[in-house]
Amino acid sequence: MDRISLVIPCYNEEEALPFLYEELCKVANRMNGQEFEFVFVNDGSKDRTLEVFKQLRAKDNRVRFISFSRNFGKEAAIFAGFEASTGDYVAMIDADLQDPPMLIEEMYNTLQTEDYDCVATRRTTRTGEPVIRSFFARKFYQLINNISDTKLVDGARDFRLMTRQMVDSILELREYNRFSKGIFGWVGFNTKWISYENVERVAGTTKWSFWGLFFYSLEGIVAFSTRPLAIASLFGILFFLISLVMIAVIITKTLIWDDPVQGWPSTVCVIFLIGGIQLLCMGILGQYLSKTYLETKRRPIYIVKETEEGKEKDRRNRKN
Ligand code: UDP
Ligand code: MG
């Protein structure tokens, strides 16, 4: 008999939770040869999410929960859930039923019979999503796959079932700026991809704004590629070479024709161009520097306020 841990990050999900719990119970019933553990993570919700956890816990001791002291973000919630999980297999699943829990059985069977360490999901369609968002999402995947050695699958969801070995490897990556899609790919192991059509969330609203996603994708690029730094250096080399040619041309012109001063428009254009590129490159540098700055502080990824075992007093999250 295997134990399967389901990790569910929740931020303001009081409306979706009852539906989710019902579905999870159905899955657990169907797979009654296996033991289940539901690890709910309350990521500093402002609604009654924590109370719902407590109610569920009171009637079902498969339910465990961790409650953060504030909102640390989905990445931190996933990490905390993985750390708390005790199963031989660990799945991560969204609270809004956009990830069909019924697939867990299929995933588990695949891991049993085939030589995979992880079964992950991707959605084939993005129906119900704003058009601009889909467009930028696709562009992002193209870009990052071009500039990073860690390949990301377009449309990949975080929903997946992994072996304990793979989860332990993920837990070894204790970086503060977490980008799970990249981390899952970086640790390697054999992953089988299964596809399904996009499902809209059952209740509540999405927690991602366009800009939220935009900065999250920058995070992904900075965390998994240093290519932008190389591009910045390339700009430098290119403009140095151009300037050598220009210096030669100007000296020759002055010596031969004694060129009088002329043309401030061209000068202004050059100043704007070079100035702009300098700022861009400084911005790129700044991105990497700021991430380095945050990493060197070695702050805990999350802080627990309460678990199913009661209020946390001193047990701050196990730091490195
Ligand atoms: N979530 C979280 N912390 C956050 C934002 C989201 O734990 O700061 C959880 C949320 O409760 C849900 C999952 O992450 O279970 C996915 O969020 P959402 O459905 O809003 O994202 P989308 O499916 O629209 O990408
Ligand atoms: Mg969702």
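Below, the figures for the structure above:
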item	result
The lone exception for F159 - which of (1) closer than 28 Å to L17 by Cβ; (2) more than 14 Å from ligand 2 (Cβ to nearest atom) it fails	(2)
Test result for T110, within 15 Å of ligand 2 (Cβ to nearest atom), surrounded by 14 or more Cβ atoms within 10 Å (Cβ to Cβ), not aliphatic (A, V, I, L, M) and not in a loop (DSSP other than H, G, I, E, B)	no
Failed criterion for T191 (all others in (1) hydroxyl-bearing (S, T, Y); (2) under 27 Å from S85 (Cβ atoms); (3) crowded, with 17+ Cβ neighbours inside 10 Å; (4) within 17 Å of the chain's Cα centre (by Cα) hold)	(4)
Single match in Y216, Y176 (criterion: among the aromatic types (F, W, Y), more than 16 Å from ligand 2 (Cβ to nearest atom) and closer than 17 Å to E75 by Cβ)	Y176
Qualifying position, being surrounded by fewer than 12 Cβ atoms within 10 Å (Cβ to Cβ) and either within 28 Å of the chain's Cα centre (by Cα) or of a type outside the set (A, V, I, L, M, F, W, C) (or both), among P265, P228	P265
Qualifying residues in region 82-107 (those that are touching a Lys or Arg at 6+ places or on another chain (Cβ under 8 Å), in a helix (DSSP H, G or I) and hydrophobic (A, V, I, L, M, F, W, C)) - the one nearest to I8 (Cα to Cα)	A84
From L111, L97, L103, residue being in contact (Cβ under 8 Å) with a residue 40 or more places away in the chain, of a type outside the set (S, T, N, Q), more than 24 Å from F215 (Cα to Cα) and within 10 Å of ligand 1 (Cβ to nearest atom)	L97
Qualifying residue in region 275-297 (condition: assigned to a helix (DSSP H, G or I), loosely packed, with under 13 Cβ neighbours inside 10 Å, without any contact (Cβ under 8 Å) to a residue 60 or more places away in the chain and more than 29 Å from the chain's Cα centre (by Cα))	yes
All positions within region 194-211 that are away from ligand 2 (no atom under 13 Å from the Cβ) and either surrounded by fewer than 14 Cβ atoms within 10 Å (Cβ to Cβ) or among the polar types (S, T, N, Q) (or both)	S195, E197, S209, F210, W211
Residue check, V41 away from ligand 1 (no atom under 13 Å from the Cβ), surrounded by 19 or more Cβ atoms within 10 Å (Cβ to Cβ) and not in a loop (DSSP other than H, G, I, E, B)	no
Test result for A137, within 16 Å of ligand 2 (Cβ to nearest atom), at pLDDT below 90 and in a helix (DSSP H, G or I)	yes
Residue within region 148-165 that is touching a helix residue (DSSP H, G or I) at 6+ places or on another chain (Cβ under 7 Å), within 20 Å of E200 (Cβ to Cβ), of a type in the set (D, E) and touching a residue at least 40 places away in the same chain (Cβ under 8 Å) present	yes
Pair list, Cβ < 6 Å and 6+ apart or interchain, from region 232-260 residues that are among the charged types (D, E, K, R) to residues that are not in a helix (DSSP H, G or I)	K253/D259
Unique match (being in a helix (DSSP H, G or I), within 30 Å of N145 (Cβ to Cβ) and aliphatic (A, V, I, L, M)) among L255, L229, L244	L229
Verdict on G87 being within 16 Å of ligand 2 (Cβ to nearest atom), touching a residue at least 12 places away in the same chain (Cβ under 8 Å), small (G, A, S) and closer than 28 Å to G188 by Cα	no
Enumeration of residues in region 57-80 that are in a helix (DSSP H, G or I), surrounded by 22 or more Cβ atoms within 10 Å (Cβ to Cβ) and more than 16 Å from ligand 2 (Cβ to nearest atom)	A76, F79, A80
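The values are calculated or read from the model by the stated rules, or taken from the named source; none is laboratory data. What you see is a predicted model, and the numbers here were worked out from it, not measured in a lab. Quick reminder, even Gly has a Cβ in these numbers, built from the backbone with ideal geometry, and neighbours come from all protein chains shown.
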